[in-house]
1. Just one of the numbered conditions (1) in a loop (DSSP other than H, G, I, E, B); (2) within 40 Å of the chain's Cα centre (by Cα) is not true of Val138; which one?
2. Here are some residues: Ala41, Ala32, Ala57. Which one is in contact (Cβ under 8 Å) with a residue 40 or more places away in the chain and aliphatic (A, V, I, L, M)?
3. Counting only residues that are surrounded by 12 or more Cβ atoms within 10 Å (Cβ to Cβ) and small (Gly, Ala, Ser), which one in the range 223-259 is farthest from Gly277 (Cα to Cα)?
4. Condition test on Leu309, is it of a type in the set (A, V, I, L, M, F, W, C), more than 18 Å from Gln234 (Cβ to Cβ) and surrounded by 13 or more Cβ atoms within 10 Å (Cβ to Cβ)?
5. Between residues in the range 1-24 that are among the small types (Gly, Ala, Ser) and residues that are modelled with pLDDT of 75 or more, which pairs lie under 8 Å by C-beta distance while being six or more apart or on different chains?
6. In the range 52-71, how many residues are out of contact with any Gly (no Cβ under 6 Å at 6 or more places or on another chain) and surrounded by 14 or more Cβ atoms within 10 Å (Cβ to Cβ)?
Amino acid sequence: MLSSSAIWQKSEWNQKKIFKRALKYVIFYLIALAISHTFLAYIIGISEVRQIVTEPATKHIMGLMAMLLFSGAFFVVYAFFREQICIVACPYGRLQGVMLDKNSIVVAYDYVRGEPRGKVQKNELQKTGDCIDCKACVHVCPTGIDIRNGTQLECVNCTACIDACDDIMAKINKPLGLIRYASESNISTGKKTNWFSPRLMAYSAVLLILLGLLSFTFMSHSSIDASVLRTPGQFYQENADGTTSNLYNFNVTNKKNKPMKLEFKLMNQSGEIKIIGNPSLTIPAEEEKRGQFFVVIPNNKIPASKTDLLIAIYGNDELLKEQKTTFMAPVE
């Protein structure tokens, strides 16, 4: 007996079928396009994806090609490959299989209750299991497996077989749950599965530790990357006004999703910072700023020929980082 989907596939092409097929593929491609944008944003950043979308295509040929490649791949998966991804390409089933034991909860067929299979018997002397071999569980399986043969790597745990079997059990007045979430130990012995086994507790502890480390990383994550270094090959400059200056390079990356107004301040010495070029340092969101500035200190405030400096980096009037460097001067 053909399913409704198979009947639709074999039906003649007409205006209604063409419209529905075209609408389905358009929806599939829109979903694939949304996924490809999200996927690409993880790789190159949201701002770059925004530029690819809003600016002329000629400015972002490689980005556009990547977008088309990803969306095309996802569309093929949605429209044609489908469950074959789970069977052929996805490593989940193979990885999950090596982690299972007799106490693992999986979608399972209760062979103790279901075997031997047979048709519904009116004669109570003929004893058969509850499985009437209707194959409803096989027909609804998206990967085409027979769950009655045991756990298989193609199983995607969609539970369509559970719903189909429960529907049949209800019709023949048998208890539900012939196919259900259960463990091998639960089915073979009838005893309740011990959910909190040592193995499960160990995995849970490791997972909590990893989640804790991830949370700590996010909470302690700096909103900038910054470095301040004396310019290589440059010595101090003695000024006519009784001060000495050193030249420094700075490199600041704004990791926030909003612009940042940058400011440098001396923390442990009396002096002045003079930005070379535009003194207004505004860094756009998720971008980098490079530049140079002079640190100018009065000669009578310089304690030694090599002095440790502590330079504070502020963003939008908020202290972001304190950078250590050195200051050179002609003091013995």
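The values are calculated or read from the model by the stated rules, or taken from the named source; none is laboratory data. Predicted model only: the values in this text are computed from it and were never measured. Here Cβ is always computed from backbone atoms with ideal geometry, including for glycine, and neighbour counts include all displayed protein chains.
1. Of everything listed in (1) in a loop (DSSP other than H, G, I, E, B); (2) within 40 Å of the chain's Cα centre (by Cα), Val138 misses just condition (1).
2. Ala32
3. The selected residue is Ser223.
4. Taking the combined requirement at face value, the residue does not satisfy it.
5. Ser3/His139; Ser11/Lys17
6. 7
Here's the yes/no breakdown for (1) part of a strand (DSSP E or B); (2) in the same structural domain as Ile44 (by TED's automatic domain parsing); (3) touching a Lys or Arg at 6+ places or on another chain (Cβ under 8 Å):
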| residue | (1), (2), (3) |
| --- | --- |
| Phe250 | yes, no, yes |
| Lys258 | no, no, no |
| Ser270 | no, no, yes |
| Lys274 | yes, no, no |
| Glu286 | no, no, yes |
| Ala312 | yes, no, yes |
| Leu319 | yes, no, no |
| Glu322 | yes, no, no |
